[in-house]
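S.K.: Got a structure here, written out as structure tokens. Questions coming.
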Amino acid sequence: MSRTFISIQTVESSTRAVYLDLNHWYALGEANAGTPRSEKDPEVLKLLRALVNRNLIILPLSTVHYMELTENPRDDMRQQVAPVMAELSRFRTFAPMSRIVTEEIDLALNARFGRPAFPETTKKFGFGIGFAFGHPLRFHLETHTEEDRLRLEERVGMSIDEFESELNVIAEYMFLTGPPKQLRRQIPGYDPYAARKQADRDLASFNVMVNTLRTHPEISKRPLDAIVERQFLFEFLDYWVKAEMKAGFSKTRRPFDSKDGFTEFLMSLPSRRVAAMLQFHYLKDVHREWKISDLRDIAALSGAIPYCDVVVTDKKAWDASMNRAHLDKEFDTIILHRLADLPAHVPPETATANSVEPRL
């Protein structure tokens with residue numbers, strides 16, 4: 001199987017960020033393989049290639065993409081989608097939520113109280129799986145002497161820097177495809193479902209809140225309060241404690257003296273507001289059986305909607321974010337649920353589907 005590797009480019013400030021749900025990546029993979037789900041998908045794929053090659057858009061990958069790909073037991077699906085993800089994303093990745101939340105808290109506290117004086121900020125888009133998970137990951141070759149370096153460069157036919165770049169691109173590609181099924185059991189310590197175990201615990205915890213809302217008359221009247229409280233205790237507390245200390249607050253000198261004040265503060269944070277509002281509107285379906293995929297979709301969208309220009313998600317999330325929560329208007333983000341609608345919302349006047357051929 002041939003693979004397409006693309007060199008990394010610098011993202012310009014005018015470049016638009018487009019986030020695709022994994023299901024849409026699978027659709028692009030099928031179009032690339034010649035078996036499109038929709039007759040429009042090959043056109044969309046060609047247009048995206050043109051726009052990426054002209055550095056007009058980026059299609060960043062998130063931690064959710066990596067986790068769901070790793071858990072997919074079907075080698076054929078991973079191997080089909082990986083070349084397209086590598087080519088179009090160029091291994092651009094979205095910042096981990098831990099860094100985004102840290103920045104949001106610091107900036108919000110600084111805006112209200114003037115502290116911390118130097119809020120921590122983070123790039124929203126970086127490179128590679130290491131950036132996505134917040135742990136630098138890059139392979140380096142160690143040469144003990146100049147003679148060793150020259151000998152190795154002569155052997156591989158390129159400089160050490162070039163060789164390292166090639167190795168890292170290959171490694172990034174392998175993170176997307178994962179090892180084939182027959183090899184997984186032979187790799188010591190390899191567990192494709194490691195993240196799933198934490199997700200199972202998160203789902204169990206979330207369902208406690210869901211069941212409480214469905215059975216407790218008083219709490220059921222205040223679903224958003226329950227959502228915010230759970231978010232604070234299970235997803236926000238550690239970041240908040242560190243932020244308070246950094247900003248010079250203490251147990252006896254807190255920034256907020258009321259529950260309502262703190263709730264309003266938390267809901268002012270872009271990622272936390274998106275997550276809370278999506279959960280709030282999902283919960284209106286009292287018969288919904290919550291799944292791990294629901295929580296992961298919301299986690300991905302809590303970063304994508306505030307910080308990307310265009311988001312293509314599934315129909316359920318699109319309906320909640322567009323028709324109920326109106327997050328598109330709040331964050332000035334285009335939210336779609338069909339790939340076929342994407343060409344109308346990316347800049348076709350500067351790169352048409354026929355203007356640039358993909359680099360192989």
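Readers should treat all values here as calculations from the given coordinates under stated rules, not as data from a laboratory. Given the structure is predicted, the values throughout are model-derived calculations rather than measurements. As a convention, Cβ positions derive from the backbone with ideal geometry for all residues, glycine included, and neighbour counts pool all protein chains shown.
S.K.: Residues of segment 86-121 with amide nitrogen under 19 Å from the 7 Å Cα-to-Cβ point of A33?
M.R.: Answer for this model: 86-89.
S.K.: How many percent of DSSP beta bridges within the chain run antiparallel, rounded to 5?
M.R.: Antiparallel: roughly 30 percent of the beta bridges in the chain.
S.K.: Taking the Cα-to-Cβ direction at S205 and at E120 and moving 7 Å from each Cα, how far apart do the two end points lie in nm?
M.R.: 1.9
S.K.: Still on this structure: Based on the mean of other Cβ atoms within 10 Å per residue, sort peptides 108-115, 287-294, 17-24, 320-327 so the most packed one is first.
M.R.: Put in order of decreasing packing, that is 17-24, 320-327, 108-115, 287-294.
S.K.: Assuming R0 = 51 Å, what is the FRET efficiency of K329 and E142, from their Cβ-Cβ distance, to the nearest 0.05?
M.R.: Plugging the Cβ-Cβ distance into 1/(1 + (r/R0)^6) gives 0.45.
S.K.: To continue, here is another question. Could you give the length gained on full extension between H345 and M158, defined as 0.36 nm per residue of separation minus the Cα-Cα distance, in nm?
M.R.: In short, 63.2 nm is gained.
S.K.: Using modelled amide H (1.01 Å from N, peptide plane; none on Pro or chain starts), what sits under 5 Å from the amide H of I57, excluding residues fewer than 5 places away?
M.R.: Residues meeting the criterion, in which the H sits 1.01 Å from N, are R16, V52.
S.K.: Viscosity 0.692 mPa s, temperature 37 °C: what is the translational diffusion coefficient of segment 205-244 from Stokes-Einstein with a Kirkwood Rh over Cα pairs, rounded to a whole number of µm²/s?
M.R.: In µm²/s, the coefficient rounds to 304.
S.K.: Suppose R0 equals 56 Å. What FRET efficiency, 1/(1 + (r/R0)^6) with r the Cβ-Cβ distance, do E229 and A171 give to the nearest 0.05?
M.R.: With R0 = 56 Å, the Cβ-Cβ based efficiency is 0.85.
S.K.: Semi-axes of segment 33-179's equivalent ellipsoid from the Cα gyration tensor, sqrt of 5 times each eigenvalue, largest first, rounded to whole Å?
M.R.: Ellipsoid semi-axes (Å, largest first): 31, 28, 15.
S.K.: Assuming a viscosity of 1.567 mPa s and a temperature of 4 °C, what translational diffusion coefficient in µm² per second does Stokes-Einstein assign to segment 122-246, Rh being the Kirkwood radius over Cα pairs?
M.R.: Answer from the Stokes-Einstein relation: 65 µm²/s.
S.K.: Then there's this: For the chain, what is the convex hull volume of the alpha-carbon atoms per residue, in Å³?
M.R.: 188
S.K.: Shifting gears a bit: To make sure I understand the rule: partners must be lysines, Cα under 26 Å from the Cα of K259, and not fewer than 8 residues away in the same chain. Which ones qualify?
M.R.: K221, K242, K246, K251, K284
S.K.: Using only the alpha carbons of segment 215-292, what is the convex hull's orientation-averaged projected area in square nanometres?
M.R.: Averaged projected area of segment 215-292's Cα convex hull equals 6.3 nm².
S.K.: Roughly how compact is segment 141-208, stated as its Cα Rg over 2.2 N^0.38 Å to two decimals?
M.R.: 1.82
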